[in-house]
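K.L.:
Pasting in a structure now, in structure tokens, and then I'll have a few things to ask.
Nothing in this text is a laboratory measurement; each read-out follows from the coordinates by a stated rule. Quick caveat: nothing in here was measured; it's all calculated off a predicted structure. All Cβ positions, even for glycine, are placed from backbone atoms using ideal geometry, and neighbour counts span all protein chains on display.
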Amino acid sequence: MRPTPASSDNAVQPIPLTGTGGIDRGAGHRLDEAWLAAAWSHPTTRVFVVSGGQALIEETDGGRTELVMMPSFEAPLTEAHRYFLGTDPDGVRYFALQKDSLPGRMDDVARPAGLREAAALLSERDNELLVHAVALENWQRLHRFCSRCGERTVIAAAGHIRRCQACGAEHYPRTDPAVIMLVVDEDDRALLGRQVHWPKGLFSTLAGFVEPGESIEQAVIREVAEEVGVTVGEVAYVTSQPWPFPSSLMLGFVARATTTELRADGDEIEEARWFSRDDLRAAVESGEVLAPSGISIAAHLVEQWYGKPLGPTAW
């Protein structure tokens, strides 16, 4: 069950950050130090620096925006952690360097940017590389000690494992599954809510984390009931999106409501409203409502129902 889109000549844009850049992550090479050394020293290998969730981007002469990359022999290895990210269809290998700060540039073309900004500008290849690097950096910074014995861990597997040399435990990057859902009723209205801490006027889909021992479908049903008091029946999976802020995997659904009375919990959700397409269009055009970010899976779910992109966005 998917939402019925409105008729429109404007195609809904593909959702970014979903791994369509053609990068082979090459997990089988991560423990092969000889292969990694050869890959690093290859003249076509490209490297970029990630720090605090940001990387340098620049606009090219052709008007495209790209990650600032360099050959490995120019990379600033001092006090850096090296992560292997994969190989593109042309055989180019990519590495990210995690550093405490981004390198300076002698020009004013390059600038730092995080995923929220960069994802709307970069190619799918660059987005795939950047989301991988940011996710690894977030995990590495937050998991430096062994959860079993408390000793400091060391990086292994080209950035994809942390090993404890005291007790031998291996720790892997953490990903927290979260459900995000567009709820529609029998009249094909969409249910959108406002979180307490969001910018004024921003309405978006409901979302929440999957709890231990819970299926993703159960999580959808529970979260909708807890946040707005609505009961849902049929739950249909749509798509997923990595969201490393810091470590979520967003699992997108459309859920069919069997009740429509709204009772916002007042804790997470400050206000909830049913919108027809005409209601939503009028609210957005008047500035009463801000649409969710164009790079987010929330925007994709809403726009798929609505039939075309919405704007302006809140970020």
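K.L.:
Which net charge results for the neighbourhood of Cys164, defined as the other residues with beta-carbon distances under 11 angstrom from its beta-carbon, given Lys and Arg at +1 and Asp and Glu at -1?
P.N.:
Residues near Cys164 contribute +3 overall.
K.L.:
Can you work out the FRET efficiency for the pair Cys167 and Asp90, with r the C-beta to C-beta distance and R0 = 41 Å, to the nearest 0.05?
P.N.:
About 0.45, to the nearest 0.05.
K.L.:
Between Cys149 and Thr78, what is the FRET efficiency for a Förster distance of 22 Å, r being their Cβ-Cβ separation, to the nearest 0.05?
P.N.:
0.10
K.L.:
Here is a follow-up. How about the range 257-315: which GluC sites (Glu not before Pro) there are in a DSSP loop, with at most 13 other Cβ atoms within 10 Å of their Cβ?
P.N.:
Glu261, Glu288
K.L.:
Please identify every one of the GluC sites (Glu not before Pro) in the range 135-231 that sits in a loop by DSSP and has no more than 16 other beta carbons within 10 Å of its own beta carbon.
P.N.:
Glu151, Glu186, Glu214
K.L.:
Based on the Kirkwood radius over alpha-carbon pairs, what is the Stokes-Einstein translational diffusion coefficient of the range 85-192 at 10 °C with 1.306 mPa s viscosity, in µm²/s?
P.N.:
91 µm²/s
K.L.:
Can you work out the PRE-style zone for Lys308? Point 7 Å along Cα to Cβ, and I want the residues of the range 277-298 with backbone N under 16 Å.
P.N.:
277-286
K.L.:
Moving on to the next point. State the answer as a single residue: which of Pro244, Val196, Ser215 lies farthest towards the positive end of the charge dipole of the range 176-306, with beta carbon charges of +1 for Lys and Arg and -1 for Asp and Glu, about the Cα centre.
P.N.:
Of the options given, the answer is Pro244.
K.L.:
Per residue of the range 146-158, in order, report the coupling 6.51 cos²θ - 1.76 cosθ + 1.60 (Karplus, θ = phi - 60°) as ³J(HN,Hα) in whole Hz, putting x for Gly and Pro.
P.N.:
The phi angles translate into 6, 6, 8, 10, x, 6, 5, 9, 10, 7, 9, 6, 6 Hz.
K.L.:
Right, another one. Work out how much length Ile216 to Asp176 would gain on full extension: take 0.36 nm times their residue separation and subtract the Cα-Cα distance, in nm to one decimal.
P.N.:
13.2 nm
K.L.:
On to the next question. Just to be sure I understand: of the beta bridges DSSP finds with both ends in the range 23-178, what percent are antiparallel, rounded to 5?
P.N.:
85 percent
K.L.:
Using all alpha carbons of the range 176-306, what is the percent of pairwise distances in each 5 Å bin, ordered from the shortest bin to the longest?
P.N.:
Calculated P(r), rounded to whole percents: 2, 11, 22, 25, 23, 12, 4, 1, 0.
K.L.:
Would you mind computing, in nm to one decimal, how far apart the modelled labels at Arg116 and Asp279 are, each placed 7 Å from Cα along Cα→Cβ?
P.N.:
2.8 nm
K.L.:
Now a separate question. Output the antiparallel fraction of DSSP beta bridges having both residues in the chain, as a percent to the nearest 5.
P.N.:
Just about 75 percent of them are antiparallel.
K.L.:
How large is the direction-averaged shadow of the alpha-carbon convex hull of the range 27-142, in nm²?
P.N.:
Here the figure is 7.7 nm², rounded to one decimal.
K.L.:
Highest mean first, how do 190-199, 71-80, 46-55 rank when packing is the count of other Cβ atoms within 10 Å averaged over residues?
P.N.:
46-55, 190-199, 71-80
K.L.:
Hey, if you put +1 on the Cβ of every Lys and Arg and -1 on every Asp and Glu Cβ in the range 176-306, which of Ala257, Leu290, Thr231 ends up farthest toward the positive end of that dipole?
P.N.:
Checked the options; the winner is Leu290.
K.L.:
Okay, next question. Which one, Gln165, Ser51, Trp305, is farthest towards the positive end of the dipole of the chain when Lys and Arg carry +1 and Asp and Glu -1 on their Cβ?
P.N.:
Gln165
K.L.:
Further question: Take Phe209, project a point 7 Å from its Cα along the Cβ direction, then tell me which residues of the range 114-156 have their backbone nitrogen under 16 Å from it.
P.N.:
139, 142-143
K.L.:
Report the dimensions of the chain along its three principal axes from the alpha-carbon atoms, largest first, rounded to Å.
P.N.:
Computed over the chain, the largest-to-smallest principal extents equal 61, 52, 32 Å.
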